[in-house]
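A.B. asks: Sharing a structure with you now.
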Amino acid sequence: ESLALYAGAWPVRYADRTGAVLDVHTREGSRTQTSLRATASASNAGLLAEGPLGRRGSWLASARKSYFQYVIRRTAKTEPTLAFGFIDAQGKLAYDLTARHHFSLAFIEGLSDLDRERSRPRLGANSPMLAKFHYTLANLGWRYAPHERFILSSHAAYTRERFNNLNRDRLELAAGHYGEWTLNSNATWMWSPRHPFDFGFSMRRPRDDGFIYRYQFNPFAVRPLNLYRGHGLLAGGYVQQSLSAAEGRILLAAGLRWDWYTANEIAAVSPQVSIGFHPSASTRFNLGMGQYVQFPELEALFARYGSRGLLPERATHYVAAFEQRLGARSRLRLEAYQRLDRDLLFRPLYEPRLIGGRIFNPPLDPPIRNSVRGYARGVEIFLQRRTANRL
């Protein structure tokens, strides 16, 4: 239905990550008629069916399967570099219980695999020959609008990932299982027609376990490169106030987010502020600043070389933009940005090096540290023309 990319200084609703945010909303099925469509491309084929669910709802279901890997196996005379296949399914039910209550249930189920068995004689002992990945997502949504000035959207979701890699002797190189329960709720209160107040909370309960092995022969030995198992509870909440003045020519938004993670027992605060100035209907200036945190993954906290005391990574974003409309269908946008990172995770003693003219041999399991700082700076020029039947 919609797909939006927030590249920098985004609202605090999405402030539990330091990188860009991709906000995706899947569409509902048709409420007017039942239809069935089949598609095929060079790599996969799929079916999509949709239709009304009574008078108040709709349903949608789709499935895809790749076949490009079969073409590669029959035509490639050397090692197939694209011996990768997948099959997945997606569905969504939507229903209006009343004029104020809207419910939805969505799911995604996907399987993918890599098969290089035909190249087995050329594979090393630690090269993957077979690999499988299984992904599951179920998402239950509820939207409540008791008044024209208030709307509440809540979701309860479960996601699961499983993977395993086998070498030429069908010995496990790596395997893992990740699962997460998620509950989040977002609300908007229009206490004034031009001054919306946003607030919400989220709770995530992830768990993760897995391993990575390396093999040697003559004599045979197995070296565990990584072993991890752990779980945690990540809870957070946010508030954001938006203001409009001078008949909508000045826009101001400020927000604050708080997060706490039980896995390392650390709390973090993330502020964000933006201001927009629109001297005319076709000209806009925008300034934005925000600080964002990303807590370490469970693998880093519970691995052999990890630590429960690792700090969350932090990034501070600065954005300045100018946009000029060139008629009804075109626009020019100039944007300058700066991002400052600190407390990034790294294993500083992992690689051998020369120190004072002498070779430094790293320890067996060098630890992860919050030891890296960095920055990114740049300018983006964006020219767009939107039209249905011309360039």
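The values are calculated or read from the model by the stated rules, or taken from the named source; none is laboratory data. Remember, predicted model here, so these are calculated numbers, not experimental data. Methodologically, a virtual Cβ is constructed for each residue, glycine included, from the backbone with ideal geometry; neighbour enumeration extends over all protein chains shown. Just the protein is used for accessible areas: all its heavy atoms, side chains included, with ligands, DNA and RNA removed. Shrake-Rupley method; radii C 1.70, N 1.55, O 1.52, S 1.80 Å.
A.B. asks: Using the alpha-carbon centroid of each, what span in Å lies between segment 254-288 and segment 24-60?
C.D. replies: 37 Å
A.B. asks: Which value, in Å² and to the nearest 10, is the accessible area of residue 113 when all protein chains are kept and the probe is 1.4 Å?
C.D. replies: 50 Å²
A.B. asks: Report, in debye and to the nearest 20, how large the dipole of the chain comes out about its Cα centre when Lys and Arg carry +1 and Asp and Glu carry -1 on their Cβ. Don't skip to the end; give the middle numbers.
C.D. replies: Numbers: 53 positive and 33 negative charges, 196 e Å.
Here the size comes out at about 940 debye.
A.B. asks: Suppose every Lys and Arg Cβ carries +1 and every Asp and Glu Cβ carries -1, with no other charges. What dipole size does segment 213-363 come out with about its Cα centre, to the nearest 20 debye? Provide the component values of the computation, followed by the final result.
C.D. replies: Details: 18 positive and 11 negative charges, 87 e Å.
Computed charge dipole of segment 213-363: roughly 420 debye.
A.B. asks: Okay, next question. Report residue 277's accessible area, 1.4 Å probe, all protein chains in place, as a number in Å² to the nearest 10.
C.D. replies: About 100 Å², rounded to the nearest 10.
A.B. asks: Separate question: Output the peptides 158-171, 137-150 sorted from most to least packed, where packing is the average of other Cβ atoms within 10 Å over each peptide's residues. Please list the in-between numbers first.
C.D. replies: Numbers: 158-171: 16.0, 137-150: 13.9.
The most tightly packed comes first, giving 158-171, 137-150.
A.B. asks: Among 68, 255, 389, flag the residue with its Cα farthest along the positive direction of the charge dipole of the chain, charges on Cβ as +1 for Lys/Arg and -1 for Asp/Glu.
C.D. replies: Result: 389.
A.B. asks: Placing +1 at every Lys and Arg Cβ and -1 at every Asp and Glu Cβ, with all other atoms neutral, what dipole size does segment 318-391 have around its Cα centre, in debye to the nearest 20?
C.D. replies: For this selection, approximately 480 debye.
A.B. asks: GNM on the chain, C-alpha springs below 10 Å: top fluctuator among 367, 121, 11?
C.D. replies: Maximum fluctuation in the GNM of the chain, among the listed residues, is at 121.
A.B. asks: Right, next: Take the alpha-carbon centre of segment 297-315, take the same for segment 153-193, and report the distance between them in whole Å.
C.D. replies: 18 Å
A.B. asks: Heads up, I need the accessible area for residue 191: 1.4 angstrom probe, whole protein in place, Å², nearest 10.
C.D. replies: 110 Å²
A.B. asks: With springs only between Cα atoms under 10 Å apart, run a GNM on the chain and tell me which of 130, 334, 152 wobbles the most.
C.D. replies: With Cα springs under 10 Å in the chain, the top fluctuation among 130, 334, 152 is at 334.
A.B. asks: Is segment 1-43 best put as rounded, prolate or oblate by its Cα gyration tensor, with a ≥ b ≥ c the root eigenvalues, rounded for a/c under 1.5, and otherwise prolate when a/b is larger than b/c, oblate when not?
C.D. replies: Numbers: a/c = 5.02, a/b = 2.03, b/c = 2.48.
In terms of gyration-tensor shape, oblate.
A.B. asks: Just from its helices, what would the mean residue ellipticity at 222 nm be for the chain, if runs of 4 or more DSSP H residues each count -39500 (n - 2.57) and the sum is divided by every residue, rounded to the nearest 500 deg cm²/dmol?
C.D. replies: Details: 2 runs with 13 residues, N = 391.
Computed ellipticity for the chain at 222 nm equals -1000 deg cm²/dmol.
A.B. asks: Once you've got the GNM for the chain with C-alpha springs shorter than 10 Å, pick whichever of 279, 52, 352 has the biggest mean-square fluctuation.
C.D. replies: Largest GNM mean-square fluctuation: 352.
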